[in-house]
Amino acid sequence: MTANDAARLIDISAVQAYHGKKEIDELVSFAKKYRFISVHTLPSWTRYLSKALSDSPDILVGAPVGFPSGGAHIKTKVFEAGQLIEDGVQEMDMVLNIGKLKSGDYAYVLEEIRQVRAVGKGLPLKVILETNYLSPEEIKAGCEICIEAGADFVKTGTGWALGGTTVDTIRMIKEIVGHRIKVKASGGIRDIDTFRQMLDLGVDRFGMNVLTSIEIVQSFDK
């Protein structure tokens with residue numbers, strides 16, 4: 001794998017509450033230098049990000065839906081997705097309703113993903129489970145719902161929950177989904193060894209902080 005190959009597997013983001021123009025401009029600069037596959041910001045910055053990346057069609061404009069708790073009403077998530085599309089988003093990472101999933105209301109979770117999927121049409125849709133809050137049985141249920149709803153990826157976390165995504169969690173998810181849906185590992189991935197282990201397990205996309213992302217990409221040039 002080359003450095004460019006690695007970069008094309010990594011989403012970089014500025015989605016903390018305090019991230020503003022300065023951090024987003026830095027993120028865009030790094031994305032253009034290393035050719036990361038996408039940049040994600042909070043929704044209010046999507047239009048700005050779209051303009052900043054207008055000269056780089058190989059770098060996708062990303063944003064979250066229902067972030068970070070997943071607890072918004074279905075209609076709110078649908079509206080947010082529609083606004084993001086109007087603002088130029090090219091892929092969306094949606095937080096499913098974690099409380100509904102844990103309560104066994106699978107029909108609700110299925111419906112919200114289906115509705116956001118319908119708004120997004122051909123855009124890549126990643127659905128965030130927030131696995132650190134879930135039991136193995138709930139992770140399995142969440143994965144199956146994502147597949148049934150037509151999501152493109154199941155994603156492990158927002159990066160806001162305590163703890164990070166582990167290799168064991170990725171192994172469990174891959175055993176559940178096989179090749180039926182893509183997998184994005186996000187949250188707490190801090191070193192090249194973890195990256196490589198998850199890659200070997202079949203992870204299709206990674207979400208990491210920009211400094212770790214740069215270190216990992218540079219390691220493939222050594």
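The values are calculated or read from the model by the stated rules, or taken from the named source; none is laboratory data. Bear in mind the structure is a predicted one, so any value in this text is a computation, not a measurement. Reconstructed Cβ throughout: ideal geometry from the backbone, glycine too, with neighbour counts over all protein chains shown.
In the set (1) in contact with a strand residue (DSSP E or B) (Cβ under 6 Å, 6 or more places away or on another chain); (2) closer than 20 Å to D105 by Cβ, K182 fails one condition alone, (2). If you check M92, M1 for being closer than 29 Å to F220 by Cα, surrounded by fewer than 16 Cβ atoms within 10 Å (Cβ to Cβ) and in contact (Cβ under 8 Å) with a residue 12 or more places away in the chain, only one passes: M1.
Which ones in the range 130-183 are modelled with pLDDT under 95 and either farther than 14 Å from F206 by Cα or surrounded by fewer than 19 Cβ atoms within 10 Å (Cβ to Cβ) (or both)? Listed by number, the residues that qualify are W160, A161, L162, G163, G164. In the range 47-58, how many are surrounded by fewer than 23 Cβ atoms within 10 Å (Cβ to Cβ), in contact (Cβ under 8 Å) with a residue 24 or more places away in the chain and within 19 Å of the chain's Cα centre (by Cα)? Matching residues across the range 47-58 total 3. When E26, E112 are screened for being charged (D, E, K, R), modelled with pLDDT of 95 or more and buried (at least 18 other Cβ atoms within 10 Å of the Cβ), only E112 passes.
Check whether at least one residue in the range 142-153 is under 18 Å from V39 (Cα atoms), assigned to a helix (DSSP H, G or I) and among the β-branched types (V, I, T), and report yes or no. No, every residue in the range 142-153 fails to be under 18 Å from V39 (Cα atoms), assigned to a helix (DSSP H, G or I) and among the β-branched types (V, I, T). Being touching a Leu at 6+ places or on another chain (Cβ under 7 Å), acidic (D, E) and within 19 Å of S13 (Cβ to Cβ) is a property that D191 lacks. The residue that is nearest to the chain's Cα centre (by Cα), among those in the range 184-221 that are surrounded by fewer than 19 Cβ atoms within 10 Å (Cβ to Cβ) and among the basic types (K, R), is R190. Scanning the range 85-134 for residues that are in a loop (DSSP other than H, G, I, E, B) and more than 22 Å from G62 (Cβ to Cβ) yields S103, G104, D105, L134.
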